[in-house]
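Worksheet for the structure shown next.
The values are calculated or read from the model by the stated rules, or taken from the named source; none is laboratory data. What you see is a predicted model; the values in this text were computed from it and never measured. Cβ sites come from the backbone with ideal geometry, for glycine too, and all protein chains shown count toward neighbours.
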Amino acid sequence: MYDIAVIGAGVIGTFIARELSRYSLKIALIEKDNDVSNGTTKANSGIIHAGYDSEPGTSKAKFNALGNPMFDQICKELAVSFKRIGSLVIGLSSRDMNTIEELYIRGLANGIPEMRVLNGNEVRKMEPNLNDDVSGALYAPTAGIIDPWELAIALAENAVENGVELLLNHRVTAVEKLPGGYRIHTPASDIEAEYVINCAGVHADEINSMAASTHFHITPRRGQYFVLDKYAGGLFNTVVFQCPGKMGKGVLVTPTVHGNLLIGPDAQDTDDKENVETTADRLLFVRESAAKISDRIPFNTVIRTFAGLRAHPNTGDFIIEESKEAGGLVNVAGIESPGLSAAPAIAKHVVELLRGAAGKLKERSDFNPLRRKMLKFMELSDNEKAGLIRKDHRYGRIICRCEHVTEGEIVDAIRRKAGATTVSGIKRRVRPGMGRCQGGFCEPKVMEILAREMGKDMLEIVKEEKGSFILTGRTKGSQDYEGK
Ligand SMILES: Cc1cc2nc3c(=O)[nH]c(=O)nc-3n(C[C@H](O)[C@H](O)[C@H](O)COP(=O)(O)OP(=O)(O)OC[C@H]3O[C@@H](n4cnc5c(N)ncnc54)[C@H](O)[C@@H]3O)c2cc1C
C-alpha cells in the first residue's frame with residue numbers, strides 16, 4: 001500500500017508529489033495520459049501573477065501572494081526558465097482608471113509589494129508599442145513569465161528522482177473506500193493508498209464524486225490564443241493586461257519566456273472537458289481585443305493557435321481541503337487562474353494538511369532538490385560545442401532548424417526520468433516543432449529517434465495522446481507495409 005496517491009500530473013499534482021518526496025513516504029503519482037502536463041498545465045498564459053487581482057481573503061489571493069516569491073528558488077533548483085518581467089494593467093478610459101485604483105488597493109490588501117499606478121506617458125515610455133490612448137496603468141514588477149509545461153516536467157522528474165512512482169496511462173475510474181485507505185481502480189492496475197490527493201484538474205469533481213456524495217462542480221472555461229514568431233517577441237517588455245471583466249482577466253499580450261509573443265485568452269464556458277479546439281470566431285474576438293492594447297501586433301507572424309480549459313468551480317474559489325465525508329481524500333480542485341502562480345504555496349499547504357491528518361512527517365536526509373539542467377546546445381560557446389560533439393557526435397546533428405535542437409538533446413529528453421515518449425513530449429522538453437515551421441521539417445526525424453530509442457516501429461509513434469498515430473503506412477521501401 002502507498003502512503004499517498006496523487007491523482008493528476010499537472011502542475012498541481014507534480015508540485016505536491018515533489019513536495020511530499022522530501023519525506024519518508026511511499027508515493028504514487030497517477031496520470032491518465034501518457035505524459036505529465038498534458039492537461040491545462042500545457043495551455044495557459046504562463047504568467048506568475050503578482051497577486052493583486054483576487055479578492056482579499058480568498059484562497060486564490062492567499063496562495064498567489066505566497067506562491068509568487070517562491071519561484072526564483074524553485075526555478076533555480078529545477079533549472080526552469082523564469083523571468084520576472086513585471087506586468088501592466090492598462091487603462092483606456094476614466095472608468096478603467098477607477099478599476100486600476102481598485103486593483104491597487106486590492107493588491108495592498110493582498111500584501112503585493114512594489115506596485116505603482118503610472119500615468120499615460122510613463123506607461124508608453126515602458127511600452128512604446130502600446131496605443132496612444134492608454135491613459136495609465138497599474139505596474140506590478142513582481143509578475144513573471146515561465147514555461148508552465150517545463151515546470152511540471154521538471155517537478156515530475158525531480159519527484160521521480162526522489163522516489164515518487166509515476167504511473168502514466170492509469171486513468172482512475174473508481175475510488176473505493178477500504179479500512180484505513182482507498183483502492184483506486186484504473187484499467188492498468190489497482191492502487192491502494194492510505195491518503196488520496198485529488199489534483200485531476202477539470203475532472204476533479206468526478207474523482208471527488210467517486211468517493212463522496214457531497215459534490216462540487218467544475219465547468220470547463222475555454223481560452224484561446226495566438227502564438228507569434230520570435231520576430232514579434234520584442235514588441236513588449238512586460239505582460240500587458242486590460243482591465244478585468246466578469247469572465248476574468250481578459251485578453252493579454254505578453255512575451256513568452258522563449259521569446260515569442262503570446263496573445264489571448266478569451267473565456268467561453270463549455271460542457272466538453274476534452275474540447276481544446278480553436279475556432280475562427282473566438283480567435284477573431286481575441287485579435288480585436290488585442291488591438292485595443294496595440295494596433296502594431298503583426299498577426300501575419302502567427303505560427304500557432306491553441307486553447308486551454310480553466311477548471312472553473314461552482315464555489316468561486318480554490319477547493320483545498322480534506323473531504324469531510326471521505327476522510328483521507330484531499331481535494332485540490334477548481335484550480336483555475338492564478339493556479340500556476342499559487343502552485344508552490346498550495347503544495348506546501350497540502351503537506352501541512354497531511355501533517356495534521358497523518359501525524360508527524362519524517363524528513364529524508366537524502367532528498368535532492370536539484371534537477372540536472374536540460375542542456376541547450378545553441379547557448380554554448382564554440383569551444384563547449386566542439387568539446388561536446390567530441391564526446392557525443394549526436395550533438396553535432398541539428399534536427400530542428402527553427403529552434404536549433406540537436407539529436408543529443410532529444411535523446412537526453414527521452415532517457416531522463418519521466419522522459420518523453422511522444423512527439424509532443426519531445427517538443428515540450430527540448431522544443432523541436434515549436435518554431436516557425438511547427439515541425440514540418442523535423443517531425444519525421446524526431447519520430448525516427450523516438451522509435452529507435454524506444455525500440456518501436458515508426459508506425460507506433462504517437463503525436464500526443466494514446467492513439468494519435470501520425471503515420472498510417474509506408475509509401476515506399478518496404479514490402480511489409482504494402483497494401484496496408
Ligand atoms: C486559458 C488559461 C490561462 C491561464 N493562465 C494562467 C496564468 O497565466 N497564470 C496562472 O497562474 N494560472 C493560469 N491558468 C491556470 C493554470 O493553468 C491552472 O491553474 C493549472 O494549470 C492547473 O493545474 P492542474 O494540475 O490543477 O490541472 P491540469 O494541468 O489539468 O492537470 C490535471 C491532470 O489530471 C489528469 N487527470 C484527470 N482525470 C484523471 C483521471 N480520471 N485519472 C488520472 N488522471 C486524471 C489530467 O490528465 C491532467 O494531467 C490559466 C488557465 C487557463 C485555462
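Before moving on, here are some points about what is shown:
- Filter result for E277 (in a loop (DSSP other than H, G, I, E, B) and without any contact (Cβ under 8 Å) to a residue 40 or more places away in the chain): yes
- Restricting region 161-217 to residues that are of a type in the set (S, T, N, Q) and free of Cβ contacts under 8 Å to residues at least 40 places away in the same chain leaves a set whose member that is nearest to R415 (Cα to Cα) is S189.
- Complete set of residues in region 253-272 that are within 14 Å of the ligand (Cβ to nearest atom) and within 17 Å of the chain's Cα centre (by Cα): T254, P255, T256, V257, L262, I263, G264, P265
- Unmet criterion (only one of (1) out of contact with any His (no Cβ under 8 Å at 6 or more places or on another chain); (2) within 10 Å of the ligand (Cβ to nearest atom)) for N64: (1)
- Residues of region 271-304 classified as surrounded by fewer than 12 Cβ atoms within 10 Å (Cβ to Cβ) and more than 30 Å from I218 (Cβ to Cβ), total: 2
- One residue alone among K417, K385, K445 is free of Cβ contacts under 8 Å to residues at least 24 places away in the same chain and in the same structural domain as K466 (by TED's automatic domain parsing), and that residue is K385.
- The listed residue being at pLDDT 95 or above, farther than 29 Å from G259 by Cβ and not aliphatic (A, V, I, L, M), out of N64, N119, N129: N119
- Condition met for I389 (in a helix (DSSP H, G or I), surrounded by fewer than 23 Cβ atoms within 10 Å (Cβ to Cβ), at pLDDT 95 or above and β-branched (V, I, T)): yes
- Of the helices (runs of 4 or more DSSP H) lying entirely inside region 1-90, those carrying at least 1 residues that are within 30 Å of V134 (Cα to Cα) and out of contact with any Asp or Glu (no Cβ under 8 Å at 6 or more places or on another chain) are 59-67.
- Members of region 157-189 that are more than 27 Å from P220 (Cα to Cα) and assigned to a strand (DSSP E or B): E165, K177, L178, G181, Y182, R183
- Test result for G339, within 16 Å of the ligand (Cβ to nearest atom) and modelled with pLDDT under 95: no
- Selection within region 436-462 - surrounded by 16 or more Cβ atoms within 10 Å (Cβ to Cβ), at pLDDT 95 or above and in a loop (DSSP other than H, G, I, E, B): I461
- Restricting attention to region 190-232, the residues being part of a helix (DSSP H, G or I), more than 9 Å from the ligand (Cβ to nearest atom) and surrounded by fewer than 18 Cβ atoms within 10 Å (Cβ to Cβ) number 2.
The rows are residues; the columns are (1) of a type in the set (V, I, T); (2) out of contact with any Pro (no Cβ under 7 Å at 6 or more places or on another chain); (3) surrounded by fewer than 19 Cβ atoms within 10 Å (Cβ to Cβ).
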position	(1), (2), (3)
P128	no, yes, yes
G136	no, yes, no
P148	no, yes, no
A156	no, yes, no
E161	no, yes, no
V164	yes, yes, no
E176	no, yes, yes
Y182	no, yes, no
H185	no, yes, yes
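- Of all residues in region 217-268, those satisfying the criterion of being modelled with pLDDT of 95 or more, touching a helix residue (DSSP H, G or I) at 6+ places or on another chain (Cβ under 8 Å) and among the aromatic types (F, W, Y) are Y225, F226.
- Looking only at residues in region 11-51 that are near the ligand (Cβ under 8 Å from one of its atoms) and among the acidic types (D, E), the one that is farthest from L155 (Cα to Cα) is D33.
- The set of residues in region 237-267 that are buried (at least 24 other Cβ atoms within 10 Å of the Cβ) and either in a loop (DSSP other than H, G, I, E, B) or assigned by TED's automatic domain parsing to the domain that holds R401 (or both) comprises V251, P265.
- Of all positions in region 293-305, none carries a residue that is of a type in the set (D, E, K, R) and within 30 Å of P179 (Cβ to Cβ).
One line per residue, one yes/no per condition, for (1) out of contact with any strand residue (DSSP E or B) (no Cβ under 9 Å at 6 or more places or on another chain); (2) buried (at least 24 other Cβ atoms within 10 Å of the Cβ); (3) at pLDDT below 95:
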position: G10; (1), (2), (3): yes, yes, no
position: T14; (1), (2), (3): no, yes, no
position: K26; (1), (2), (3): no, no, no
position: T41; (1), (2), (3): no, yes, no
position: N68; (1), (2), (3): no, yes, no
position: F71; (1), (2), (3): no, no, no
position: E77; (1), (2), (3): yes, no, no
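- Taken together, the residues in region 159-189 that are within 12 Å of the ligand (Cβ to nearest atom) and of a type in the set (S, T, N, Q) amount to 3.
- Scan of region 446-463 for residues that are closer than 15 Å to K427 by Cβ and either in contact with an Asp or Glu (Cβ under 8 Å, 6 or more places away or on another chain) or among the β-branched types (V, I, T) (or both), ordered by number: V446, I449, I461, V462
- Condition check for D295: outside the structural domain of G248 (by TED's automatic domain parsing) and part of a loop (DSSP other than H, G, I, E, B): no
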